[in-house]
Amino acid sequence: MADPLAPTVPETPRRDDARADGAAATPRADGAAATQRAGDLAAAAPTERADHARAQATPSTVGHGHPVRAAPMADPLERALAKAKAAAALFGDVAAVQVGRYRLIERAGAGGMGVVWSAWDPDLNRGVALKLASAGDDDARARARDEGRALARLSHPNVVPIYDVFEAREGVFLVMELVKGKTLRTVATDGASVPELVRAYRQCGDGLAAAHRAGLVHRDFKPDNAILGADGRVRVLDFGLAREATDELGEIAGTPRYMAPEQRSGLALTAAVDQYALGVALREAVAARGPVPRWLEPILTRATAATADARFPSMDALLAALALDPATRWRRRALYGGGVVALGAVAAAFTLGRANQAPEPCQGSAGAIAASWGGARRTAANSHLAALTGGYTRESVPRIIGALDRYASDWASIHRASCQAHQRRELSEPAYDRRTACLARRKTALATLGELAGRAAIDALPGLVIAVGGLPELATCEDDDALASPVAPPTPAQADEADAIADLIARVDVERDAADTDAATRDADAAVARAEALGYVPLVARALLASGRITLAQSRDDRGGARFTEATRLALEVGDEPLAIEAYARAAYAIATTAGPARATDGLPLIEAITRRLDDRAAFPRALLHHNVGTVELARGDRAAARAAFERARADSAGLTGSAAIEMSVGLMSLLVITDDEAAQAQLGRALVETRSRLLGANHPSTLDARAVVGELIADPDAAWTALAPVCDALVALHPHLGGSIGECDHELLIIAAGRFDVAAVNRLARQVEAASAHGADDQHVATARAYALAGDGPDARGLAAFVAARPEITPTSPWWIVLYAADLDLGGAFAALRADQPERARRLIDAASALLDRLTASAPRPIIARRRWALAALRART
């Protein structure tokens, strides 16, 4: 059966508004042709057709006669695709034209460094763009590989990402994001206003600045090499000429109109050549509207100065100058003159002056959110997710789509209501700006989720469910008291960059929750660097918190401890007390689980005093603080103090929703683990599973983990097996990529199987955990499983030796979970000794394990200890 998302002849809907200029013929399902602007579907914007045709006919020359290389021809592929389309029109489905694993759809355009095709990736079920280097031209192939390497070093929202580089018979292909939009040349000719053009080129500058920070110079920036996507974001592309900045003389290459004088002369190249090109391109676009505004003229004059040292010292300096549009400055002055301005509890209110961007804002709410979620983006994401197969997709995909639909609808309603209240003069200008800023952050979060949903692999679905459930609360944007803050706003010169960084942090939060750790790490690092360069301290604190949370989620290095500690200090310095409490709470957990609990809560009395003074708007950081203090107390072995802290956290969490409710459901789990009363445990277990099921779904990994914990806290081995076995099986069947959860679940079953001396079950579970090692199973669980596998294989001493080798050294200060792991290894060693017919060795190991369990009476959960004592007694009976 043909893949409905990747037909041999792709169906292109008719564009009634398509114009003849720059249009390309595309097939419809009935074989008729519809016109579609080539720049509307491309990862790399095409050079204008007239320029491209001239380039194909005669290579241009610049400077000393060096050719500016023309776009390569792709006649064989075009002929093959034309044949396939004709055959499909006549005979129905025929074999698709493939390059590598990718199925070609149509030629989207051509730039100076290659031909661009839209294509379908059947492995990942997504559209991509393929950029082809000249066939048979070694230099062009080398440049394409260089472009791939250059783009791999860049990771920025305003740079088109590269997914893959491969070489085929036709040449070297770059696999890139497929962006629906139009080039900035088309944006200018379509009548964009001067402010819109300046905003678009500032986004280009952000992308180029990121390249410069990576040590790269683009060398060929022009309006055709930037595309405005349907999501409102501009991406810079075509890095085929990108090189490292150097003092050495270089080859002359680029597009003459946009080349700096030193570039035309073959002199040493610096980042200043990109500044020159951006200045020329922006002047060209603005001048087409009429005279260049007086405020803009000196900026462009300096950016396009004849010598590099006469230009701005950096791209960032140019962008700061472009942010000083006097048309928006007067509104900022009025806003700042009002005194206290909001950062917002979660969404830092840095977006200023957005209220007047649309001529009729109260009528355009649905359209304003559609670019983030709606129309083509929703259709593409829905189709992509529907094509994924597997047991968990049946639960997760409808949940994701439905939640995003509701969020977009609610956003539009709040946006419209706020606008109408403002027009009725029920909402002041500063209050309306704060609401608009809050909604802008949430729009960014929704757009990020739409992007992720449109390309998510099946393993990413659990993360998407968490991210969708954790979208920032929209109701906050209507709570004017909640948006008020004593934190000083950025200066007028900082405001636009602060707004861009706040958008980036909003992306980071979604990417982290969606488990897209590479993107989250990249964007968080960029946010910290840009915030520190800007010098706006409240934003530095927020960026450090976002970055630390990624390190914490990955359990890397110090788990973010240093960044959380610095975020706490800076937040206290500027008066952002809710952020300070959250950062302190996360620092306490990170320090306790890496350096140890001794100093983890230094300074706690001060933080608690601040917490008591705040009202319900600090409910989440207060709940988090109490929970993490409980975790520290548990690490210290004080179960009573830990239980009291967990109870306070549970009370604080009662009214939480969204991401806060999802995260703080861990408080129920902590109480469940530390409570000794069986009736209370049963009640907490039911509440935990019901909460996770409601927030995330019955088969979400977090819900299954909750069920696993409930099973682990059953002392009776048979009842525990009955509760745990279906959970472990569901993890293997629905979430095979979650090796850590599989290993932990099966580890508890291995304890019971060893006590039963069920060799077949031991072998099956051990092999299952070993298989999970390829998907992130904990090293300790894998080592234990391998030792069990060796013991189960035969009556020799290999398994016993493996258990002994894996056992950690235990000291008086070892945390309880390490002591428990050592006891488990001694228990497994006793099983292996019995398999090797060494009963005396088995008895010694049983005694050692029992002694370790005695140490855990006051710290580890009682049912877990009881089940291990049962297993040890069962093994002792065999000696």
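The values are calculated or read from the model by the stated rules, or taken from the named source; none is laboratory data. Keep in mind that this is a model prediction, so the values were computed, not measured. Neighbour counts are summed over all protein chains in view; Cβ atoms, including those assigned to glycine, are modelled from backbone coordinates with ideal geometry. For accessibility, only protein heavy atoms count, side chains too; no ligands or nucleic acids. Shrake-Rupley method; radii C 1.70, N 1.55, O 1.52, S 1.80 Å.
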Inset, instruction - Please verify whether region 766-777 includes one or more residues that are under 30 Å from GLU633 (Cβ atoms) and surrounded by 17 or more Cβ atoms within 10 Å (Cβ to Cβ). - result: yes
Legend entry - LYS182 within 14 Å of LEU282 (Cα to Cα) and either out of contact with any Pro (no Cβ under 8 Å at 6 or more places or on another chain) or open to solvent by less than 10 Å² (accessible area, probe 1.4 Å) (or both): no
Legend entry - Number of the exception - ALA687 against (1) within 24 Å of ILE751 (Cβ to Cβ); (2) open to solvent by less than 30 Å² (accessible area, probe 1.4 Å): (1)
Inset, instruction - Can you tell me which residue among ALA725, ALA698, ALA679, ALA687 is out of contact with any Leu (no Cβ under 9 Å at 6 or more places or on another chain) and among the aliphatic types (A, V, I, L, M)? - result: ALA679
Inset, instruction - Please state which of the following conditions THR784 fails to meet, knowing it meets all the rest: (1) farther than 22 Å from ILE742 by Cβ; (2) crowded, with 24+ Cβ neighbours inside 10 Å; (3) among the β-branched types (Val, Ile, Thr). - result: (1)
Inset, instruction - Filter region 508-563 down to residues that are more than 25 Å from PRO597 (Cβ to Cβ) and polar (S, T, N, Q), then give me how many there are. - result: 2
Legend entry - Number of positions in region 269-293 that are part of a loop (DSSP other than H, G, I, E, B) and free of Cβ contacts under 8 Å to residues at least 12 places away in the same chain: 3
Inset, instruction - Could you grab me the full set of residues in region 673-697 that are charged (D, E, K, R) and in contact with a His (Cβ under 9 Å, 6 or more places away or on another chain)? - result: ARG692
Inset, instruction - Could you grab me the full set of residues in region 303-314 that are closer than 11 Å to THR270 by Cβ and either crowded, with 17+ Cβ neighbours inside 10 Å or touching a His at 6+ places or on another chain (Cβ under 9 Å) (or both)? - result: ALA308, ARG311, SER314
Legend entry - Tabulated pairs, region 380-391, first open to solvent by less than 30 Å² (accessible area, probe 1.4 Å), second among the aromatic types (Phe, Trp, Tyr), C-beta under 7 angstrom, 6+ apart or interchain: none
Legend entry - Count of region 786-829 residues which are assigned to a helix (DSSP H, G or I) and under 23 Å from SER859 (Cβ atoms): 15
Legend entry - Scope region 472-499; condition of a type in the set (A, V, I, L, M), under 29 Å from LEU404 (Cβ atoms) and assigned to a helix (DSSP H, G or I); matching residues: ALA475, ALA482, LEU483, ALA498
Inset, instruction - Give the residue, chosen from ALA753, ALA661, ALA730, that is small (Gly, Ala, Ser), touching a residue at least 12 places away in the same chain (Cβ under 8 Å), within 22 Å of ARG394 (Cβ to Cβ) and in contact with a helix residue (DSSP H, G or I) (Cβ under 7 Å, 6 or more places away or on another chain). - result: ALA730
Inset, instruction - Test PHE173 against the stated conditions and say whether it is assigned to a strand (DSSP E or B) and either open to solvent by less than 10 Å² (accessible area, probe 1.4 Å) or at positive phi (or both). - result: yes
Inset, instruction - Please determine, by comparing only the residues of region 753-785 that are assigned to a loop (DSSP other than H, G, I, E, B) and at pLDDT 90 or above, which one is nearest to ALA733 (Cα to Cα). - result: ASP758
Legend entry - Candidates ALA720, ALA698, ALA715, filtered to the one that is open to solvent by 20 Å² or more (accessible area, probe 1.4 Å) and more than 25 Å from GLY469 (Cβ to Cβ): ALA715
Inset, instruction - Answer yes if at least one residue in region 472-486 is over 30 Å from ASN125 (Cα atoms), open to solvent by less than 10 Å² (accessible area, probe 1.4 Å) and modelled with pLDDT of 90 or more, and no otherwise. - result: yes
Inset, instruction - Can you tell me which residue among ALA789, ALA823, ALA858, ALA802 is open to solvent by 30 Å² or more (accessible area, probe 1.4 Å) and under 43 Å from the mean Cα position of the chain (by Cα)? - result: ALA858
Legend entry - Single match in ALA849, ALA871 (criterion: touching a Pro at 6+ places or on another chain (Cβ under 8 Å) and either among the hydrophobic types (A, V, I, L, M, F, W, C) or open to solvent by 60 Å² or more (accessible area, probe 1.4 Å) (or both)): ALA871
Legend entry - Residue that is farthest from PHE564 (Cα to Cα), among those in region 487-506 that are in contact with a Phe, Trp or Tyr (Cβ under 8 Å, 6 or more places away or on another chain) and open to solvent by less than 10 Å² (accessible area, probe 1.4 Å): ALA495
Legend entry - Residues (open to solvent by less than 30 Å² (accessible area, probe 1.4 Å), modelled with pLDDT of 80 or more and not in a helix (DSSP H, G or I)) located in region 256-268: MET259, ALA260
Inset, instruction - Name the one entry in ASP459, ASP525, ASP509, ASP516 that is open to solvent by 40 Å² or more (accessible area, probe 1.4 Å) and without any contact (Cβ under 8 Å) to a residue 24 or more places away in the chain. - result: ASP525
Inset, instruction - All but one of (1) at pLDDT below 80; (2) within 25 Å of ILE505 (Cβ to Cβ); (3) buried (at least 17 other Cβ atoms within 10 Å of the Cβ) hold for ALA152, so report the exception by its number. - result: (3)
Inset, instruction - Kindly establish whether GLY191 is assigned to a loop (DSSP other than H, G, I, E, B) and either at pLDDT 75 or above or surrounded by fewer than 22 Cβ atoms within 10 Å (Cβ to Cβ) (or both). - result: yes
Inset, instruction - All but one of (1) of a type outside the set (S, T, N, Q); (2) open to solvent by less than 40 Å² (accessible area, probe 1.4 Å); (3) at pLDDT below 90 hold for ALA230, so report the exception by its number. - result: (2)
Legend entry - Residue list for region 86-126, filter: open to solvent by less than 10 Å² (accessible area, probe 1.4 Å) and at pLDDT 75 or above: VAL99, TYR102, LEU104, VAL116, TRP117, SER118, ALA119, ASP121
Legend entry - Residue ID - least open to solvent (accessible area, probe 1.4 Å), chosen from residues in region 278-296 that are more than 16 Å from ARG199 (Cα to Cα) and not basic (Lys, Arg): GLY290
